[in-house]
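Here the structure comes first, spelled out in structure tokens, and everything after it is commentary.
The values are calculated or read from the model by the stated rules, or taken from the named source; none is laboratory data. Because the structure is predicted, anything quoted here is derived from the model rather than measured. Here the Cβ positions follow ideal geometry from the backbone for every residue, glycine too, while neighbour counts run over all protein chains shown. Only protein heavy atoms, including side chains, enter the accessible area calculation; ligands, DNA and RNA are left aside. Shrake-Rupley method; radii C 1.70, N 1.55, O 1.52, S 1.80 Å.
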Amino acid sequence: MKVYKRLNIQLPAKWKMMVLALAAAMALPSCTFFKTPEARLPRKLPVKLFGLAPERLALRVDGVYYNPNDYGFTFTGGELDLKVDSFYLGHVKIDTVMTIPAHAMFTVPVVVEPDFEKFSNSGVNVNDSVIISFSGTMNGKAKGISKKINISYKGKHMLDISI
């Protein structure tokens, strides 16, 4: 038996192993059981064209997600690279912070400033179905643990562009 001088307690080796096993069992679910939120973009995807300044236009798309977890989390931002067909629209940093309940749908605003001159010369036909794809990371906190998870999506959509 080992004597713990600070607490002046004798703890059998068998108990020490049981305490360590219990601590590990409690820590694992919080790390490994978090399921990645699922993209649920509508087939007719609303895209808002707006001006950040007179000479700077941007696109806003609201990314719709579903939290498949049995507990809520705090969305704390993320980054992604966005494409329409094979045209690279740009890198997006998302600084939105919001609380997401368990088994809930949530919307993440995505704003990108593409090079519209290159986009118009790319041959992408926005009047037809296009392939929207992105990959990046999403940051969140759940049960006191911060986590960065990889996200990716690829799907065919009609773009509903408004000004």
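When the Cα gyration tensor is reduced to axis lengths a ≥ b ≥ c, the ratio a/c is 1.5 or higher for region 41-163, and with a/b above b/c it is classed as prolate.
Legend: distances between Cα atoms for 44/148; 83/143; 93/147; 48/147; 83/147; pairs beyond 23 Å are 44/148; 83/143; 48/147; 83/147.
Measuring with a 1.4 angstrom probe and ignoring ligands and nucleic acids, residue 50 comes out at about 60 Å² accessible.
Ordered from highest to lowest accessible area with the whole protein assembly present and a 1.4 Å probe, 154, 83 read as 154, 83. Ordered from highest to lowest accessible area with the whole protein assembly present and a 1.4 Å probe, 73, 87 read as 87, 73. Shown are 98, 105, 138, 158, whose ranking by accessible area with a 1.4 Å probe and every protein chain present, most to least, is 105, 158, 98, 138. With both labels modelled 7 Å from their Cα along Cα-to-Cβ, the residue 150 to residue 52 distance reads 2.8 nm.
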